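Input: a single structure, listed below in structure tokens.
The values are calculated or read from the model by the stated rules, or taken from the named source; none is laboratory data. Not measured: the values here are computed from a predicted model. Note that each Cβ is placed from the backbone with ideal geometry, even for glycine, and that neighbours are counted across all protein chains shown.
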Amino acid sequence: MNLTLILVIAGILLVLFIVVGVVSVNLRRNAEEEEDPLQARLAEYLQSGEVASLEEIELSQPFFERVVVPIIRKIGEISARFTPQKAIQDTARRLELAGNPWPIDAATFLAIRFILAVALGGLVTAVVLLSPAPSFSDNALYIFGATFGGFYLPHLMLSNKITSRQKEVRKAMPDALDLLTICVEAGLGFEAAMSKVSEKWDNQLSLAFARTIREIQLGKPRRDAMRDMAERLGVAEMTSFVAAVIQSEQLGVSMAKILRIQSDQMRIKRRQRAEEEAHKAPVKMVIPMAFLMFPTILIIILTPAVMQIMNSLG
């Protein structure tokens with residue numbers, strides 16, 4: 001495979017990454033909008049006094065919301081009939097751990113993975129067929145790599161979402177528990193203290209607290225709501241915190257004392273994680289130093305000596 005074909009494949013991969021990033025941003029933006037865009041545009045028309053049909057209002061929506069999102073959802077509905085239930089449940093679990101960053105279900109997510117694999121594999125296959133000097137072994141390797149990359153890319157993005165969400169929750173837990181302790185010691189109930197935390201901050205932990213409060217207000221027992229919150233986050237620190245809260249409720253132990261002990265433990269664990277990352281830094285610096293810094297230093301130091309030797313040898 002020549003250099004031109006490699007550059008074309010690299011360009012296709014770059015375009016694919018850009019398209020997937022734009023689509024994920026648009027899906028995230030649509031998920032964060034609580035109001036229906038069709039209803040919002042209908043209200044705008046009513047306020048302006050213009051009489052418009054539903055078809056005109058729908059056509060005023062962006063192309064992505066009007067065409068792309070319904071197609072993706074329809075593909076997800078069709079793929080759900082042929083997808084094993086275990087795979088759908090595992091994917092739904094991972095989407096829940098990531099905080100449902102996109103307004104799609106598990107079946108749609110799996111369908112997107114297969115679509116990207118087929119699309120990228122087809123593009124690379126077309127480029128390979130147009131190559132002036134085809135080689136079966138190399139071309140098969142590139143086609144397989146492109147197909148696997150298209151199938152693995154959404155999984156990688158979802159894993160990054162899960163990791164970043166859990167890291168944000170771990171980072172915010174000590175401060176949140178401090179505020180919980182202060183509110184409980186001031187006389188507030190545990191649920192009111194959680195509401196204060198959800199009002200003060202805007203992060204994944206505050207969103208989890210707000211959802212738990214809504215579930216409790218809708219009638220779910222606090223014990224079950226707290227356990228469901230720990231399962232949705234998938235953080236070991238949150239699981240131990242929920243277990244301690246439930247145990248203090250059952251045994252009648254002071255909630256403020258439990259919260260203070262948990263806060264101290266969270267800070268110790270956060271400091272230990274920071275020290276662990278600091279110890280990993282020298283190992284991570286070996287690769288850039290070996291492949292970027294050392295060759296540059298050798299070139300700068302040895303080039304004058306090599307030139308003098310070449311001149312002396314004539």
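Screening V245 with (1) touching a Gly at 6+ places or on another chain (Cβ under 8 Å); (2) of a type in the set (V, I, T); (3) modelled with pLDDT under 90 gives one miss only, at (1).
Every test in (1) assigned by TED's automatic domain parsing to the domain that holds A208; (2) over 30 Å from A256 (Cα atoms) is passed by E96 save one, and that test is (1).
Pairing residues of the range 193-211 that are farther than 21 Å from P221 by Cβ with residues that are among the charged types (D, E, K, R), at Cβ distances under 7 Å and at least 6 apart in sequence or on separate chains, gives N203/E168; Q204/R165; Q204/E168.
Table: residues versus (1) among the aliphatic types (A, V, I, L, M); (2) surrounded by fewer than 18 Cβ atoms within 10 Å (Cβ to Cβ); (3) over 27 Å from the mean Cα position of the chain (by Cα).
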{"site": "T239", "(1), (2), (3)": "no, yes, no"}
{"site": "V245", "(1), (2), (3)": "yes, no, yes"}
{"site": "L251", "(1), (2), (3)": "yes, yes, yes"}
{"site": "L259", "(1), (2), (3)": "yes, no, yes"}
{"site": "R270", "(1), (2), (3)": "no, yes, no"}
{"site": "R273", "(1), (2), (3)": "no, yes, no"}
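Cβ-Cβ distances below 8 Å connect the following pairs, each with a first residue in the range 144-157 that is in a helix (DSSP H, G or I), a second residue that is among the aromatic types (F, W, Y), and a separation of six or more residues or different chains: F151/F114; L153/F17; P154/F109. Remark: D224 falls outside the filter, which requires a residue to be closer than 21 Å to R270 by Cα and within 30 Å of the chain's Cα centre (by Cα).
Quick test for you: out of I287, I182, I246, I268, pick the one residue that is out of contact with any Pro (no Cβ under 7 Å at 6 or more places or on another chain) and touching a residue at least 12 places away in the same chain (Cβ under 8 Å). Answer to the check: I246. Among the residues of the range 148-169, is any over 30 Å from I115 (Cα atoms) and crowded, with 20+ Cβ neighbours inside 10 Å? Yes, that holds for at least one residue.
Are any of the residues in the range 197-213 closer than 24 Å to V253 by Cα, modelled with pLDDT of 90 or more and surrounded by fewer than 20 Cβ atoms within 10 Å (Cβ to Cβ)? Taking every residue of the range 197-213 in turn, at least one turns out to be closer than 24 Å to V253 by Cα, modelled with pLDDT of 90 or more and surrounded by fewer than 20 Cβ atoms within 10 Å (Cβ to Cβ). Residues that are hydrophobic (A, V, I, L, M, F, W, C) and outside any helix (DSSP H, G or I) within the range 205-252 comprise L218, V235, listed in sequence order.
Do we have F114 as assigned to a helix (DSSP H, G or I), of a type in the set (F, W, Y) and in contact with a Gly (Cβ under 8 Å, 6 or more places away or on another chain) here? Against the criterion (assigned to a helix (DSSP H, G or I), of a type in the set (F, W, Y) and in contact with a Gly (Cβ under 8 Å, 6 or more places away or on another chain)), F114 does not qualify.
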